[in-house]
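Read the structure below first, then the notes.
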Amino acid sequence: MTKSAYERAGVDITAGNRAVDLMREAVRSTYGPEVLLGIGAFGGLFDASRLQAMRSPVLVGSTDGVGTKTVVAAALGSYGTIGQDIVNHCVDDILVQGAEPLFFMDYVAAPKLDPQMIADVVRGVATACRAAGCAILGGETAEMPGVYAPGEMDLVGTIVGVVERDAIIDGSTIVPGDVLIGLCSSGLHTNGFSLVRSIFGPDRWKETVPSFGRTLGVALVAPHRSYLPIFRQLRDAVTVKGMAHITGGGFIENIPRILPDACSVVVDRQAWQVPELFQMIEREGQVPHDEMYRVFNMGIGMVVVLSVEDAETALSLLPEALPIGEVVAVDDQPERVRLT
């Protein structure tokens, strides 16, 4: 069959249509009655009538990507895991302000579309969206030869959620004496992969690491954890003063984003056992110890700030939660986060 001019230029419209056909059922599996028009429409339609039952609903939106984790995932054929990554990352980003997700939209780009690969990514997206009670309202699949090198891809997501205005978590009530509670991560989550790939080349990704009980590659692409189920437990039992999602920038950059000007924090690095994967990165990459806490989550994916009394309740409610530090008054030290 003679190729069309567009195909000769590197874009296969038929492949794009095939990808949509393969993902259609996965996307529809996330629909509730609120979705009036979804896949195939120029714009997704979401019935917002339920917001009328809220006193003062505030929409919360966020956009993020999974970065160069796509390189490892593509090499291993682990496309479903990065689909989960992008949803859970976005869910956690709006969760820190107390928002519940409403709908999600994804963007997948590659130099040449592989319909099965795209469908696997979106199935991963759908898996995480169903777990979060979040609809996939739409998305974009882009074939972009000349922009991405062969074998590369990009994955970005946008999420919209809602929170009552008087339930917004903004850190404004944080005071010295409050406690930092750490919630365990599931691995690297979605940041630091450019550094990791400079330390562990593709020849290492299929290497079995005895202390992991799995290959290095499988450990690297473990899906980003969603903290939505834990938040729902906490919200019903305590007053959450602040939450910091430990993503790019690690502890050093993310915790100060929720602190009042008069507050800083002290993080006790002896309070938890840093997982072996991070120790391996530090050791083999000869990464300075303090830099590790500015790049990676080091085994703590979410930090929750609570009063002393509520911290005791949270620790009894959540066996995995750990007290990892405290809020202190700002002093003459320039650091907002002190690691001890």
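Here, each number is a calculation from the coordinates, and none is a lab measurement. None of the values given here were measured: they were computed from a predicted structure. We place every Cβ from the backbone using ideal geometry, glycine too, and count neighbours over all the protein chains shown.
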Which whole-percent values make up P(r) of segment 5-167 when all C-alpha to C-alpha distances are grouped in 5 Å steps starting at zero? 2, 9, 18, 21, 19, 13, 9, 5, 3, 1, 0, 0
Have a look at Pro319, Ala262, Leu220 and report the one farthest towards the positive end of the charge dipole of segment 205-340, computed about the Cα centre with Cβ charges (Lys/Arg +1, Asp/Glu -1). Leu220
Could you tell me what fraction of 2.2 N^0.38 Å the Cα radius of gyration of segment 55-125 comes to, as a two-decimal ratio? 1.26
Ratio of alpha-carbon Rg to the 2.2 N^0.38 Å globular estimate for the chain, to two decimals, please. 1.06
With both partners inside the chain, how many of the DSSP beta bridges are antiparallel, as a percent to the nearest 5? 75
Longest principal axis of the chain (C-alpha) makes with the long axis of helix 13-28 (C-alpha) an angle, in degrees to the nearest 10, of 50
Helix-only [θ] at 222 nm, the chain, -39500 (n - 2.57) per DSSP H run of 4+, per residue, nearest 500, equals -10000 deg cm²/dmol
Treating cross-link reach as a plain straight distance, find the aspartates and glutamates whose alpha-carbon is under 12 Å from the alpha-carbon of Lys241, omitting any fewer than eight places away in the same chain. Asp170, Asp178, Asp310
For segment 147-229, list log₁₀ I(q)/I(0) at each q in 0.12, 0.14, 0.20 Å⁻¹, using the Debye formula over Cα point scatterers of equal strength and ignoring solvent, two decimals each. -0.65, -0.80, -1.13
Whole-Hz ³J(HN,Hα) for each residue in segment 309-322, computed from phi via Karplus 6.51 cos²θ - 1.76 cosθ + 1.60 with θ = phi - 60°, x for glycine and proline: what do you get? 5, 5, 5, 4, 5, 4, 5, 6, 7, 10, x, 7, 5, 9
List His289, His224 from most exposed to least, where exposure is judged by having the fewest other Cβ atoms within 10 Å. His289, His224
Where a Cα-Cα gap under 20 Å defines reach, which aspartates and glutamates qualify for Lys112, not counting those fewer than 8 residues away within the same chain? Glu7, Asp12, Asp21, Asp120, Glu140, Glu143, Glu152, Asp154
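Segment 282-340: Rg/Rh from Cα coordinates, Kirkwood Rh?
My calculation of the ratio gives 1.04.
Using unit Cβ charges (K, R positive; D, E negative) and no other charged atoms, how large, in debye to the nearest 20, is the dipole of the chain about its Cα centre?
For this selection, approximately 900 debye.
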Return one number: the angle in degrees, 0 to 90 and rounded to the nearest 10, between the long axis of the Cα atoms of helix 228-237 and the longest principal axis of the Cα atoms of the chain. 30
Sort 312-322, 263-273, 133-143 by packing, meaning the average of other beta carbons within 10 Å per residue, with the highest value first. 133-143, 263-273, 312-322
Could you tell me the center-to-center distance, by alpha carbons, between segment 38-107 and segment 210-267 in angstrom? 18
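Listing Lys112, Lys69, Lys206 from the residue with the fewest other Cβ atoms within 10 Å to the one with the most, what is the order?
Ascending Cβ contact count within 10 Å gives the list Lys206, Lys112, Lys69.
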Looking at the calculated P(r) for segment 179-339, what percent of the C-alpha pair distances fall above 26 Å? 30
Net charge over other residues, Cβ less than 11 angstrom from the Cβ of Glu276 (K, R count +1; D, E count -1): 0
Select from Ile86, Gly43, Gly32 the residue farthest towards the positive end of the dipole of segment 9-144; place +1 on Cβ of Lys and Arg, -1 on Cβ of Asp and Glu, and compute about the Cα centre. Gly32
